[in-house]
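Any read-out appearing in this document is the output of simple, stated calculations on the displayed coordinates, not a laboratory observation. Computed from a predicted structure; not experimentally measured. Please note: Cβ atoms are built from the backbone with ideal geometry, for glycine as well, and neighbour counts cover all protein chains shown.
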């Protein structure tokens, strides 16, 4: 095995726990379907910098995985597969090994269960953001200015229970709908209060779960995402 193996911290696209990243020149052709790929391989369609023989080998090996239960994203020379089935994932690793540059998977069965058997969006990590915050609340950029202003004033009463970024602070006082404003929240009581205040202006809530709290260990460290 020559490819990199990384522990995933959350579900990809909110659905897929496994990811397989492959590299082959011409991977982008997969987006246009089998007939276009055949034209490229047979020289009927002009393309630059593609080893047609190697692309043909990849397509033949990857064909069983070009199905609806596996999500694919192919750009330039990179083709990424996402799936939820461990058997399919292991089959991809075996069949596509010579083309794989990285695989991403949960660090343990416990982490897989945590990510897939809860309705809340969970993010598995080694440490809580800033060693303190269990929740990240993403706020809709279209939140009305008057709510932004009153919310900014309100959270100033709660000290380190809520943490904002510089870009979010600027968004609070702006009249423009831009960026991806978010805040970190220390615990569930504070989360409930923020949720009541913002109501429908929340776009997403993520809960960070330290690996130490689920009694697992992995070879690679995975810091919490920003």
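Annotation: the residues 158, 133, sorted from fewest to most other C-beta atoms within 10 Å of their own C-beta, follow the order 158, 133. Summary value for the chain: 27 percent relative contact order, contacts being C-alpha pairs under 8 angstrom separated by 6+ residues. Here r is the Cβ-Cβ distance between residue 97 and residue 213 and R0 is 35 Å; the resulting FRET efficiency, rounded to 0.05, is 0.55.
Which residue fluctuates most in the GNM of the chain (Cα springs below 10 Å): 122, 19, 163? Fluctuation is largest for 163. For the pair the range 106-180 / the range 1-57, the C-alpha centres are spaced 34 Å from each other.
With the largest listed first and rounded to whole Å, the semi-axes of the equivalent ellipsoid of the chain from the Cα gyration tensor are 41, 23, 13.
The order of 206, 91, 160, going from fewest to most other C-beta atoms within 10 Å of their C-beta, is 160, 91, 206.
Principal axis analysis of the Cα atoms in the range 121-214 yields extents of 42, 25, 23 Å, listed in decreasing size. Note on the range 4-105: Cα-Cα pairs beyond 23 Å make up 24% of the total pair count. Of the peptides 111-117, 187-193, 123-129, the ranking by mean beta-carbon count within 10 Å, highest at the top, reads 123-129, 111-117, 187-193. How far is helix 145-155 tilted, in degrees, relative to the longest principal axis of the Cα atoms in the chain, given as a value from 0 to 90 rounded to the nearest 10? Between the helix axis and the principal axis of the chain, the angle is about 70 degrees. Among 110, 63, the order by Cβ neighbours within 10 angstrom, fewest to most, reads 63, 110.
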